[in-house]
Amino acid sequence: MHEAATMYYLQDATMETVARKLGMSRSAVSRLLKAARENGMVRVRVQQPGSGNLVADRLQRTYGARVHVVPVRTPIAEHVRLDHVARYGAQLLQEWFTDGMTLGVAWGTTVAAIRQHLRPAPLREATVVQLNGAANTSASGLAYGTDLVSDIAAAFGATPEHFPVPAFFDYAETRDLMWRERSVRHVLGLQARADLALFGVGALAGPVSSHVYASGYLDDDDKAALQSAGVVGDVCTVFLRRDGSWEDIAINARGTGPNPRELRRIPRRVCVAAGLAKVLPLRAALLAGAITDVVIDEPSARRLAAL
């Protein structure tokens, strides 16, 4: 596999030449090259030409974040759009997450999609830490918390560090007491020392449901309170208004995810967003200073620039 990939990608040999030198059929070489891409031996990246995407440049000037625009055909089904953007996000993550680093991960629909595109790329002395609790009144949160962090850590041969607390406490006082526990303070310390964070944004409504709104984390009173407060979405389960404000939204005092001020301690904060429904919450997160890098599909990037 390595020999075939070296000849084809680095020496510009044709597939016929590779097949002849290795004594196998052209179709066998094609299967070898496909396997080399799938297991991470070969990574392919397409760079934007010239000075880059004009929409990305405009957004970078406006919000001070690096913007990576993913071209997609239109019209496009929302789940296909998410898959394209998640694939690109996975490629960037595998480029940026390196030996000795700590990666903070906030669970969600988008990060779960990114997980599907990670290829094995073992690192040395790396850690993946869960950024927000995932349990609710009807589920343990394993699928979107513990399992997601474990799967991402496994792709990098990293040590997983879970955060076994609810997504939202019933009372802010309970959270304050839990934050004094040594086991919880250990995880909070890892979060604060992370080198890289990966998360999406949640939208109150949209064709691809945000997990926090669709899976029993909020009761009817919570949802009514969010609408009354003018909330447009969340980042790491911290709710935001259109202008990026979050501090006086009551439910945030009960949440377990890092707020934008806490996120800003992490040097690189990567938000992956797909779909027009994510534009308003993404803009709010940018205004809150929660993001250093955005991965977004082109139609949504254009909508964000129009705002």
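Values quoted throughout were computed directly from the atomic coordinates according to the rules given, and no laboratory measurement underlies them. Remember, it's a predicted structure, so these values are computed and weren't measured experimentally. Reconstructed Cβ throughout: ideal geometry from the backbone, glycine too, with neighbour counts over all protein chains shown.
Summary of computed values
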{"read-out": "Residue exposure sequence - D293, D222, D248, D234 - by fewest surrounding Cβ within 10 Å", "value": "D248, D222, D293, D234"}
{"read-out": "Prolate/oblate/rounded label for the range 80-197 (Cα gyration tensor, a/c 1.5)", "value": "oblate"}
{"read-out": "Total formal charge among the other residues, if their Cβ is under 15 angstrom from that of V55, Lys/Arg +1 and Asp/Glu -1", "value": "+3"}
{"read-out": "Lysines whose Cα lies under 30 Å from that of K34, excluding same-chain neighbours fewer than 8 positions away", "value": "K21"}
{"read-out": "Packing-based exposure ordering (other Cβ within 10 Å, fewest first) of W96, W107, W179, W246", "value": "W179, W96, W246, W107"}
{"read-out": "Förster radius 41 Å - calculated FRET efficiency between T159 and E3, Cβ distance, rounded to 0.05", "value": "0.75"}
{"read-out": "R31-D176 pseudo-label distance in nm [points 7 Å out on the Cα-to-Cβ vector]", "value": "6.4"}
{"read-out": "Fraction of beta bridges assigned by DSSP in the chain that are antiparallel (%, nearest 5)", "value": "25"}
{"read-out": "Candidate aspartates and glutamates for bridging to K223, where Cα separation is under 15 Å - those fewer than 8 sequence places away on the same chain excluded", "value": "D170, D234"}
{"read-out": "Fewest-first ranking of T146, T14, T74, using other Cβ atoms within 10 Å as the exposure measure", "value": "T74, T14, T146"}
